[in-house]
Amino acid sequence: MKVFVINMHGEPLMPCSPRKARILLKEKRAKVVQREPFTIQLLYGSSGYKQDITIGIDTGHDEVGVSVTTETKELFSSVFKMRNDISKKMTTRRMYRRNKRSRLRYRKPRFDNRAASTRKGRLAPSVEWKVETHKRIISFYQNRLPKCKVILETGIFDMQKMQNPEIKNEMYQKGIQYGYANTKAYVLTRDRHTCQAGKSGCTKRLEVHHIKFKSQGGSDNPKNLITLCSKHHKELHEGKLILNIKKHKSLRSATTMNIIRKRLLGYYPNAIETFGYVTKQNRQNLGLEKSHSNDAFVIAGGNNQQRAETMDYKFKQANNRAIGIHRKGYAPTARKVRYLIQSGDIIKYEGRTYTSKGNKNKGKSILLEIEGKKKTVNSKKVELIYNRKNIQCIYA
Ligand SMILES: [Zn+2]
Ligand SMILES: [Zn+2]
C-alpha cells in the first residue's frame with residue numbers, strides 16, 4: 001500500500017511508502033489533506049522524480065478492478081463494488097410519488113415533463129450511475145498521480161477486430177495467436193457459455209468445435225464454430241453423437257457493458273482499449289488466478305512486479321431522500337440529527353478498526369459487529385477515522 005503525495009501547489013507527485021509519509025509528517029515537512037485514501041501534501045518545494053505509471057482498469061457490471069503499476073512495482077490494487085440497487089430504489093420512489101400525487105386535489109398540468117426522459121442518448125439511471133462511477137474512479141487516479149497511461153478492458157472480445165482482422169493496435173503485437181482466441185471468446189459468449197449439443201450430463205469444461213472439421217477445410221469463421229462441453233465434444237469426434245444445429249442466434253449488442261464502453265472511450269480518447277480474451281491469455285501465462293485485482297494487474301501490463309495488497313471499496317447511497325420527502329401530511333423521515341459517528345463510518349475501538357453499524361441512546365453508544373457478534377460500546381471510547389461519504393472502504 002502506498003500514500004498519495006501532492007506538492008506545495010497541489011500537483012500530484014509519485015506516491016510514497018507509509019513509512020516515508022510518517023517521517024515527513026513527524027518532521028512537519030508534510031501535512032495530511034485527505035484520510036481516505038490517505039494523501040499528504042509536502043510543505044517544501046520538490047521537483048520529484050517521476051516514473052511511468054500505467055493504470056489498468058477491469059471495467060465491469062458488478063465489480064471494477066484497478067491496478068496502478070510501474071515497471072518495478074504495483075503501487076495500488078483496488079476492487080470497487082458497484083451499486084446494484086438503483087433501479088429498485090427508483091421503483092420505490094415512483095411508488096411514493098404516485099401515491100402522493102393521487103392524493104393531490106389539483107395538480108397543474110405539465111406537458112413537457114417527459115422531455116428529459118426521452119432525450120436522445122439518455123441512459124437508464126442505473127447505467128448512467130455505472131458510467132459516471134467508472135469515470136469517477138479513473139479521474140480520481142488521474143488527479144492523484146503524475147501523468148499516467150490508462151488501459152481499459154472494455155469487453156470480452158473485440159467485435160471490430162473480428163470483422164476486420166487488419167486492425168492493429170498496441171495490445172495485439174504480443175505474438176500469441178490472439179485472433180483465434182478472440183473468435184473463441186465471441187463464440188462462447190454467443191452460445192451463452194453452455195454446451196450446444198442439446199444433451200444432458202454435460203461436463204464443466206467448455207470447448208469450441210469446428211462444425212466443418214479444420215482438416216476438411218473448415219474455417220475459423222464464427223459461423224463454423226460451436227460451443228460444446230468436453231464430454232459431448234469427445235463423443236462427437238468418436239462418432240457417437242450427431243449434432244443437430246439450430247440456426248445461430250446473433251449476439252445481443254446493446255448490453256449495459258457495451259454502452260459503458262462507448263461512453264468511456266468517448267470520454268477518454270487517449271485510453272488504450274484491451275479485451276478479456278487478451279487478459280485471460282496473459283493471466284494464464286503468468287499463472288495467476290482469476291480475480292478482478294489480478295485481471296487489473298495484467299491489464300496494467302503487470303508481469304513480475306512486486307504486488308500491492310488489494311483494498312476493497314463499495315459504493316453506498318448516502319441518504320434515502322425519496323422516502324423522507326414524499327410523505328404528504330407526515331414529517332420527513334430523513335435524519336435531522338447528525339451524530340458525530342454515523343452508521344457506516346470507519347472507527348477505531350480498542351486498537352482495531354471497525355465499521356460503525358449505527359447509533360444507540362442518542363449517539364451515546366455505537367453499535368459494532370465484533371467477530372460476528374453485535375456489541376454496543378460507549379461512543380467516548382471510539383475514535384473516528386473516516387467519515388463515510390459515499391465511497392466506503394471495507395474493513396474487517
Ligand atoms: Zn454437453
Ligand atoms: Zn471438435
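Throughout, read-outs are computed from the coordinates displayed, never taken from laboratory work. These figures come from a predicted structure and were not determined experimentally. Every residue, glycine as well, gets a Cβ built from its backbone with ideal geometry; the counts of neighbours run over all protein chains shown.
Key figures
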{"quantity": "FRET efficiency, 1/(1 + (r/R0)^6) with R0 51 Å, evaluated for Gln317 and Met159 via beta carbons", "calculated": "0.90"}
{"quantity": "Spatially proximal aspartates and glutamates relative to Lys374 (Cα-Cα < 20 Å; intrachain offsets below 8 disregarded)", "calculated": "Asp345, Glu350, Glu383"}
{"quantity": "Between the stretch 200-216 and the stretch 1-66, the Cα center-to-center distance that results, in Å", "calculated": "50 Å"}
{"quantity": "Three principal axis lengths of the stretch 1-50 [C-alpha, angstrom, descending]", "calculated": "22, 20, 17"}
{"quantity": "Estimated distance in nm for a label pair at Arg122 and Glu383, the labels positioned 7 Å out from Cα along Cα-to-Cβ", "calculated": "5.0 nm"}
{"quantity": "Cα→Cβ-extended label distance, 7 Å offset, between Asp85 and Asp62, nm", "calculated": "1.7 nm"}
{"quantity": "Charge sum, other residues only, whose C-beta stays under 11 Å from Glu369's C-beta, Lys/Arg counted +1 and Asp/Glu -1", "calculated": "+3"}
{"quantity": "Peptides ranked, highest mean first, by Cβ atoms within 10 Å: ranges 54-66, 355-367", "calculated": "54-66, 355-367"}
{"quantity": "The stretch 177-237 - Rg and Dmax from Cα coordinates, angstrom", "calculated": "11.2, 33"}
{"quantity": "Nitroxide proxy distance, nm - points 7 Å out along Cα→Cβ at Ser102 and Lys26", "calculated": "6.7 nm"}
{"quantity": "Across Lys199/Lys223; Lys135/Lys316; Lys231/Lys290; Lys357/Lys380; Lys50/Lys149, pairs whose alpha-carbon gap is larger than 19 Å", "calculated": "Lys199/Lys223; Lys231/Lys290"}
{"quantity": "Neighbour net charge for Asp52 - beta-carbon separation under 13 angstrom, K R +1, D E -1", "calculated": "+3"}
{"quantity": "Net charge, Thr39 excluded, C-beta distance under 12 Å - Lys, Arg +1, Asp, Glu -1", "calculated": "+3"}
{"quantity": "Packing rank of 123-130, 98-105, where each peptide gets the mean count of other beta carbons within 10 Å, highest leading", "calculated": "123-130, 98-105"}
